[in-house]
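Following: one structure in structure tokens, then a few remarks.
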Amino acid sequence: DSGVTQTPKHLITATGQRVTLRCSPRSGDLSVYWYQQSLDQGLQFLIQYYNGEERAKGNILERFSAQQFPDLHSELNLSSLELGDSALYFCASSVSEGTQYFGPGTRLLVL
Amino acid sequence: QQPVQSPQAVILREGEDAVINCSSSKALYSVHWYRQKHGEAPVFLMILLKGGEQKGHEKISASFNEKKQQSSLYLTASQLSYSGTYFCGTWYGNEKLTFGTGTRLTIIP
């Protein structure tokens, strides 16, 4: 158990819909990262927050957005969902910029 | 810049050894190794700091060659439980960890 929690574990929705994925980092970690992993693919970095501020952006679509709240939990919002958005979405946290600890992931299926 | 991992995939019989390499095009501060089982989250294995330090974790060890900007992960006497995809993450000191494309390791009995 990494100490990072993600909810929900599974999500099934339809194209065009909007969903919110939630992540609670390890106690004391200020950085939160979001990754997308499609079937048998690598980890695609989406976005990083550090202590409430956006720190780095990767290949995140305009339909996707995220934020980190004062209690340091983070949410990833995915809108106008398409079939290709089906993937595992991981959240990771770290104290600063080093070792990242991953949550169990949210498996999103868009039908 | 994304580090380059090699090989992309390897199949071993139980008990055989493997080496996975991770190369960077610029100076590294540290290299982090992760293993991911199918459908699960990546799990942190170990961190290598610049200085040529070698670390070990059971029968899995790693080295960091500062001159070559390369890290190697060594798996000896592989066990079935070692199967998975191995990712290296490179850290340059002022940016987030950047992950390689992964090496898929399959151990067969």
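No lab work stands behind these numbers, since they all come straight from the coordinates. Source: prediction; values computed, not measured. Cβ atoms come from the backbone with ideal geometry, glycine included; neighbour counts cover every protein chain shown.
List the pairs from B:LYS50/B:LYS96; A:LYS57/B:LYS26; A:LYS9/A:LYS57; A:LYS9/B:LYS26; A:LYS9/B:LYS59 whose alpha-carbon separation is above 26 Å, in the order I gave them. Table pairs above 26 Å Cα-Cα are A:LYS9/B:LYS26; A:LYS9/B:LYS59. Here is the list for the stretch B:1-106: trypsin sites (Lys or Arg not before Pro) lying in DSSP coil, each with at most 13 other C-beta atoms within 10 angstrom of its C-beta, are B:LYS26, B:LYS37, B:LYS59, B:LYS67, B:LYS68. Qualifying GluC sites (Glu not before Pro) in the stretch A:62-111, where qualification requires a DSSP coil assignment and no more than 14 other C-beta atoms within 10 Å, comprise A:GLU62, A:GLU82.
Give a residue-ordered list of calculated ³J(HN,Hα) values for the stretch B:4-21 (Karplus: 6.51 cos²θ - 1.76 cosθ + 1.60, θ = phi - 60°; whole Hz; x for Gly, Pro). With the stated coefficients, the stretch B:4-21 comes to 9, 9, 8, x, 6, 8, 8, 10, 10, 8, 3, x, 7, 9, 9, 10, 10, 10 Hz. In this structure, the amide hydrogen of A:THR5, modeled 1.01 Å from its nitrogen in the peptide plane, lies closer than 5 angstrom to those of A:SER24, counting only residues at least 5 positions away or on a different chain.
Suppose every Lys and Arg Cβ carries +1 and every Asp and Glu Cβ carries -1, with no other charges. What dipole size does chain A come out with about its Cα centre, to the nearest 20 debye? Kindly include the intermediate steps, with their values, before the conclusion.
Working: 8 positive and 11 negative charges, 39 e Å.
Once rounded to the nearest 20, the dipole reads 180 debye.
With the charge dipole of the stretch B:5-109 set up from +1 on Lys and Arg Cβ and -1 on Asp and Glu Cβ about the Cα centre, the Cα lying farthest toward the positive end among the listed residues B:PHE64, B:SER78, B:VAL19 is that of B:PHE64. Taking label points 7 Å from Cα along the Cα-to-Cβ direction, B:TYR92 and A:ARG18 give a separation of 3.6 nm.
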